[in-house]
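The values are calculated or read from the model by the stated rules, or taken from the named source; none is laboratory data. Quick caveat: nothing in here was measured; it's all calculated off a predicted structure. A quick note on method: Cβ atoms are made from the backbone with ideal geometry, for glycine too, and the neighbour counts reach across all protein chains shown.
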């Protein structure tokens, strides 16, 4: 939902991948000959790196990132979130599931317990420590986001990567394969991600795994398209032509040269997808397709569950809502900043 | 969708009227010059299923049908005593197999037909002689629950019909004969599913067919389009807008009793309880049912009327003894009973006035026993019992329904959460499973859940309507086999002597709580909310409000 | 012809980018020149030397924020003399296109791809010459014909991508001359074109200048263009004019080593075969601030210590010839 | 143009074919096969057998697919398990509500998003830009259902400005010509109905518009920024055209191209967003129907919804292509 067309044409860095290849060579005549080819390629690449931007695109990008307030605020949020998520058990003062103060809250009479010395964010509707739940929830939310993104990334990379490689190097049959895959991808793109996720979730039945799978699968077409687009744009680069002219094997070109250079936009997308995943997971929870165990704290579930107290105890919904918004914002800011830094069109 | 030509002619007038209506939106009770009165809009939890209540088994359809169709017997307004409905009074034979109904005189149907004994018998005979897909329990649930089978059972699994005949001995006397007495009578004659329709209606729908497959039935047109069905109730059905999930009822001016206080009544489905409350607060609707306990006080403070019904339900935690072998052991069942802090559920989640249930029906029913075994909240005892049974590390799946509130179960998810936390506290590992309501009913009925939450609101005032529903025969919902209990249940139920029967029920309740097939959790009074300018109908413990009693406040 | 009246006098023009936190960049630093009626003045230099910024500054097309413009650019208008750099934006908008026109480098990207050529030509006529639709269309056809586009009425309906590169540039020129501007700025008008087309376009420009009496500022890095077209030439380096002279003296007696370097980098037919081209070392990025000395010093063959003793002044060398070098070449090319 | 349309329409066929295969596979993949999904869990083996036969599951897979295809082409999407009515019929009766809601949301998103995106780009780095970018990021990061709830609590429950549910106030009498309440009201002149319907559309419209609005603002801003950098905008400015001409003809017309595409895509996703929004506002459209279907796992409805959405997406894509070709002559030429 957050992709813009411009993200599909991000060039990767031509300078990073090849020199590493030039290293292990000169042992057998055969290898030597191949190494020579690779060397020549590296030379070509070196020239490229020389004429244009000097330092690698990544390095300039990083320099730009360090100066961008967008990137910094995003990075700070993400870092905080990661810290909380990773050290949740150490940070949370109480058990997140124990209803230790169960006799102090009366949701049936709108009696809730707000922030106080022992419970910094108060109690939830069943007398659990809200702060501990938020902290532990961060961990679940991270898990959902990361797994969903990984699912989308891996499946998307496989589909898009193979299609891209086939399109660039596969000749007529490759083009056919690329076409076929892209038809499927386009069809998947036709379905709004959330709907795709809903159908997957409705199919498998509600659980945390469902949410991760569903959100992940919904991201597959985006990753696939992105990687394919980047690979095709890399495929027309001079160094690929040069490598082909030198007779480097196609699989090698695809795996060692085109792919690594095309990963930039995909990595940026992963950051953005983390945000989408967290939001979509919340929506699935709201639709009742999330974790069926309500005691298990996860921001999406907590938010969906606390909606009904929005007028009497708004804080119960506002904490997880804010957490989701801020975290998603953090990932989005970081991703957007990275995209801007890597995109020469936006560079000024 | 459906427009009568006359409305088109009236359009300019109606437009003018509604303009005025908009201008006086704050004072809805005021009548405008056109003589048109603002409709009373009631927010229900779901759309109705069919215009013909016979095909339904859900409360929302019955809420509608009670306003349009009437049954031979009814419950007193605001209470649970059975009183005359279309039958002014009735007698039962000694052995309880022959029921004589003396019909009210001068009752007319919406289509102008007059009510007589022939008409009543035509209805019963129609139901008895239904065939094909009508015999699916999806399409004739209550007939099967009360009368068993049909004239010609097409499915061998159906029991023989309890219905023998209906004879019109004179114009206003109908005599219904059944094979044997059961305590489900006379309560069964008050069920909304047996609303009496006019002879003309019966003629028109005689050939109506249900098409499609099991689970995917297409109901005949008359159940969907108003115009065919006619009852005797205080309201006629004017329109059923299915895409808006809205049924419009109009006052029936020739009603035999007091005519309805509202000229127009609209039942509008709002599935979400929050949305219902907000709609009431925003003035979009003038009343709604299934009020969340937490909303009662704020609504009252905001000037709304929130009458509370008398307790007539029970919420329980069922132990399915077949899916989890540990549950077949009494100690484990007892341990779970001791583990759950039911008082806390009553105190913090259920509406005010709720009580921890000691047995499977509320104490307002005759047959309730003060001497049943009780199971206090005692986690240590629970752990001991589990230890003794060798199930200290018990793992058990526990189902609860989503997106639903029932009169006996306001927040299923929270109740589940509390119980599961209590169980975990004594060392039980709970595997949560949630299903949407209809799916939930299906799964729990077929015994797929080891532990599950369910409850019951009485249809009529007899303990058998509660305990008989669950413990009369071996079934998948409970998975327990207690032949002695089943026999005792059958015996008690078929005893026409009221006092003996009640004593038997008390014994049965004690017996059940010994066996402990499940844990009764609570009986609680559900609320219903109305706008300040509404004179609400008397609220019924059976949730059988007669909205004709309601009116706009002057 | 040689004695045209001055139409635009640029004095000490400077353009500074940035400031407020980020580093300041002096893109143009005290550049002065005059554009005369019916004459072509050249602004020559490598990319990044400030020639395009100069043109944009004169046109008032630099962004308003983050840019400081100094000096003056007084233009002779029918209603009197006006300093373009001090003109309010609205007034400037009126002048642009009517009195002051510009031709850009890349004709494809300089034309709106989604608007027919006709609209792009007529809009300027309607704006400045207040012409109605049909009159503008007729005039547009005349203009296209004037700049040598065959079948003008058909071309007016076409979109830029349907035209050849040369025709697009002709169309741009047609727009520039549409209102008979007094001053025209051509920013590398031929760089994106094939050599044969380049010559045609230059010929067209020359013709227009001669016939209309327009003053043309020709911005280019191509000395060939300068030699064929310009009457006066200013060589820019790192934002400052390092040498200014009429065409004859400049080619005959270049004084500044940079000018000499530029001339040396151009392959010449009349040079002896086998004689290597002499490229200028390094790139424009290898310079020092003018305030510290001669910015060209790091790349200069004749670099000496005095080059770094502060900014070299502009030295007159007679005959309208000025340069900015402490150790100018003297009659060396002879 | 006609040929373009025909060609584009023909190109849809493989896409739709691919979609139907995807859906078919999806149905096959349902737990235990379609007959399990279409029957209650306690159905007897005989019933399942009968269902299998009636679904033609005994036939070879190719025949099954063709049957499936034929049914879809005949508009037979199956029967809803909740209501027992044909899915297509259920959709059609609810379509007007969702259509009006979507149009409202899109109207809000476009009418606010385009100008805001443009202004943000024009004043890049300014307060407005910051607010627009920040706001749109926030809009994307806020769960729609939460926003809907907050809107309802604040504006309906709290301030009482808008109704909280439904399409119309109950009991409002109106002449029913079609399901399109607003259109009907305008046609019959029942302005009170129109007003009432608009009031009911306001909050869900805003909630539903949040994501498209955010995306449009960002797209427009990015696109305008890109276009503002284009040479032809500079050309237009150099021609001294009025700001408004430059803005509409040269900037917006080009900047709209990518935005149009995303508006198309967003319209498709609106229907998914409607599932959340409509359920919050008890808005009786396709969305709340599908919401219930997800709860009840009403597979025929879910499958039908996917098909409808996909078909709509394909249709919208076609519309986008057409408008694209109207806006961009280069596409037409291909």
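Within the range A:120-134, being more than 9 Å from chain B (Cβ to nearest Cβ) and part of a loop (DSSP other than H, G, I, E, B) holds for A:120, A:121, A:122, A:124. When residue D:65 is tested against (1) within 25 Å of residue D:304 (Cβ to Cβ); (2) modelled with pLDDT of 85 or more, just one condition goes unmet, and that condition is (2). Summed over the range B:263-284, the residues that are in a helix (DSSP H, G or I) and either buried (at least 24 other Cβ atoms within 10 Å of the Cβ) or within 7 Å of chain D (Cβ to nearest Cβ) (or both) give a count of 7. Please go through the range D:84-127 and pick out each residue that is within 24 Å of residue D:24 (Cβ to Cβ) and touching a helix residue (DSSP H, G or I) at 6+ places or on another chain (Cβ under 8 Å). Across the range D:84-127, the qualifying residues are D:87, D:88, D:90, D:91. Among the residues of the range B:434-452, those that are assigned to a strand (DSSP E or B) and within 11 Å of chain A (Cβ to nearest Cβ) comprise B:434, B:435, B:436. All of (1) away from every other protein chain (no Cβ under 14 Å); (2) surrounded by fewer than 23 Cβ atoms within 10 Å (Cβ to Cβ) hold for residue B:195 with one exception: (2). When A:310, A:329, A:322, A:316 are checked against the criterion of being modelled with pLDDT of 90 or more, more than 14 Å from the chain's Cα centre (by Cα) and surrounded by fewer than 24 Cβ atoms within 10 Å (Cβ to Cβ), a single residue qualifies: A:322.
When residues in the range A:206-237 are screened for being touching a helix residue (DSSP H, G or I) at 6+ places or on another chain (Cβ under 7 Å) and modelled with pLDDT under 80, 3 of them pass. Highlighted here are the helices (runs of 4 or more DSSP H) found entirely within the range A:199-315 that include at least 1 residues which are within 14 Å of chain B (Cβ to nearest Cβ): A:208-235, A:259-286, A:299-306.
Considering each of C:154, C:170 in turn, give the residue that is more than 14 Å from chain D (Cβ to nearest Cβ) and at pLDDT 90 or above. If you could, list the steps in order and put the result at the bottom.
Numbers: C:170 fails: at pLDDT 90 or above.
Sole residue among the options that is more than 14 Å from chain D (Cβ to nearest Cβ) and at pLDDT 90 or above: C:154.
Scanning the range D:183-196 for residues that are part of a helix (DSSP H, G or I), more than 7 Å from chain B (Cβ to nearest Cβ) and surrounded by fewer than 20 Cβ atoms within 10 Å (Cβ to Cβ) turns up D:183, D:184, D:186, D:187, D:191, D:194, D:195. The criterion of being in a helix (DSSP H, G or I), more than 14 Å from chain A (Cβ to nearest Cβ) and either at pLDDT 90 or above or buried (at least 20 other Cβ atoms within 10 Å of the Cβ) (or both) holds for residue B:332. Taken over the range D:260-318, the criterion of being part of a helix (DSSP H, G or I) and in contact with a strand residue (DSSP E or B) (Cβ under 8 Å, 6 or more places away or on another chain) is satisfied by D:295, D:296, D:300.
Yes or no: the range B:400-419 includes at least one residue that is over 30 Å from residue B:292 (Cβ atoms), in contact (Cβ under 8 Å) with a residue 12 or more places away in the chain and surrounded by 20 or more Cβ atoms within 10 Å (Cβ to Cβ).
Residues of the range B:400-419 that are over 30 Å from residue B:292 (Cβ atoms), as a first pass: none.
Scanning the range B:400-419 turns up no residue that is over 30 Å from residue B:292 (Cβ atoms), in contact (Cβ under 8 Å) with a residue 12 or more places away in the chain and surrounded by 20 or more Cβ atoms within 10 Å (Cβ to Cβ).
Considering each of D:253, D:243 in turn, give the residue that is free of Cβ contacts under 8 Å to residues at least 12 places away in the same chain and closer than 30 Å to residue C:180 by Cβ. Before the answer, list the steps.
On the way: D:253 fails: free of Cβ contacts under 8 Å to residues at least 12 places away in the same chain.
Testing whether each residue is free of Cβ contacts under 8 Å to residues at least 12 places away in the same chain and closer than 30 Å to residue C:180 by Cβ leaves just D:243.
Please work out if residue B:296 is buried (at least 19 other Cβ atoms within 10 Å of the Cβ), away from chain A (no Cβ under 14 Å) and in contact (Cβ under 8 Å) with a residue 24 or more places away in the chain.
Values: buried (at least 19 other Cβ atoms within 10 Å of the Cβ): yes; away from chain A (no Cβ under 14 Å): no; in contact (Cβ under 8 Å) with a residue 24 or more places away in the chain: yes.
Here the answer is no, as residue B:296 does not meet what is asked.
Selection of first residues in the range D:222-239 that are within 7 Å of chain C (Cβ to nearest Cβ) and of second residues that are part of a helix (DSSP H, G or I) and surrounded by fewer than 19 Cβ atoms within 10 Å (Cβ to Cβ), restricted to Cβ pairs under 6 Å at least 6 apart or on distinct chains, gives the following pairs, ordered by first then second residue: D:231/C:109. Across the range B:163-180, the qualifying residues are those that are in contact with a helix residue (DSSP H, G or I) (Cβ under 9 Å, 6 or more places away or on another chain) and part of a loop (DSSP other than H, G, I, E, B), and the one among them that is surrounded by the most Cβ atoms within 10 Å (Cβ to Cβ) is B:172.
The numbered conditions (1) more than 14 Å from chain A (Cβ to nearest Cβ); (2) modelled with pLDDT of 90 or more; (3) touching a strand residue (DSSP E or B) at 6+ places or on another chain (Cβ under 6 Å) are all true for residue B:291 except (1). Within the range B:46-74, the set of residues being in contact with a strand residue (DSSP E or B) (Cβ under 9 Å, 6 or more places away or on another chain), part of a loop (DSSP other than H, G, I, E, B) and over 24 Å from residue B:104 (Cβ atoms) comprises B:46, B:47, B:48. Do we have any residue at all in the range D:309-318 that's buried (at least 19 other Cβ atoms within 10 Å of the Cβ), more than 24 Å from residue D:220 (Cα to Cα) and not assigned by TED's automatic domain parsing to the domain that holds residue D:228? Yes, the conditions are met somewhere in the range D:309-318. Residue B:183 meets all of the listed conditions (1) away from every other protein chain (no Cβ under 14 Å); (2) buried (at least 19 other Cβ atoms within 10 Å of the Cβ); (3) in a helix (DSSP H, G or I) but one, namely (3). Identify all residues within the range A:90-119 that are within 32 Å of the chain's Cα centre (by Cα), under 17 Å from residue A:302 (Cα atoms) and more than 14 Å from every other protein chain (Cβ to nearest Cβ); write none if there are none. The one that is within 32 Å of the chain's Cα centre (by Cα), under 17 Å from residue A:302 (Cα atoms) and more than 14 Å from every other protein chain (Cβ to nearest Cβ): A:92.
If you scan the range B:453-480, which residues turn out to be more than 20 Å from the chain's Cα centre (by Cα) and either part of a helix (DSSP H, G or I) or touching a residue at least 60 places away in the same chain (Cβ under 8 Å) (or both)? Passing the criteria: B:476, B:478, B:479, B:480. Would you confirm whether any residue within the range B:340-349 is touching a strand residue (DSSP E or B) at 6+ places or on another chain (Cβ under 6 Å), in contact (Cβ under 8 Å) with a residue 24 or more places away in the chain and over 17 Å from residue B:411 (Cα atoms)? Within the range B:340-349, not a single residue is touching a strand residue (DSSP E or B) at 6+ places or on another chain (Cβ under 6 Å), in contact (Cβ under 8 Å) with a residue 24 or more places away in the chain and over 17 Å from residue B:411 (Cα atoms).
For every residue, the table says whether it meets (1) more than 14 Å from every other protein chain (Cβ to nearest Cβ); (2) closer than 19 Å to residue B:342 by Cβ.
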| site | (1), (2) |
| --- | --- |
| B:386 | yes, yes |
| B:389 | yes, no |
| B:393 | yes, no |
| B:396 | no, yes |
| B:403 | no, no |
| B:406 | yes, yes |
| B:418 | no, yes |
| B:424 | no, yes |
| B:432 | no, no |
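Could you say whether any residue in the range D:201-215 is modelled with pLDDT of 85 or more, facing another protein chain (nearest Cβ under 9 Å) and either over 30 Å from residue A:309 (Cα atoms) or surrounded by fewer than 18 Cβ atoms within 10 Å (Cβ to Cβ) (or both)? Yes: one or more hits.
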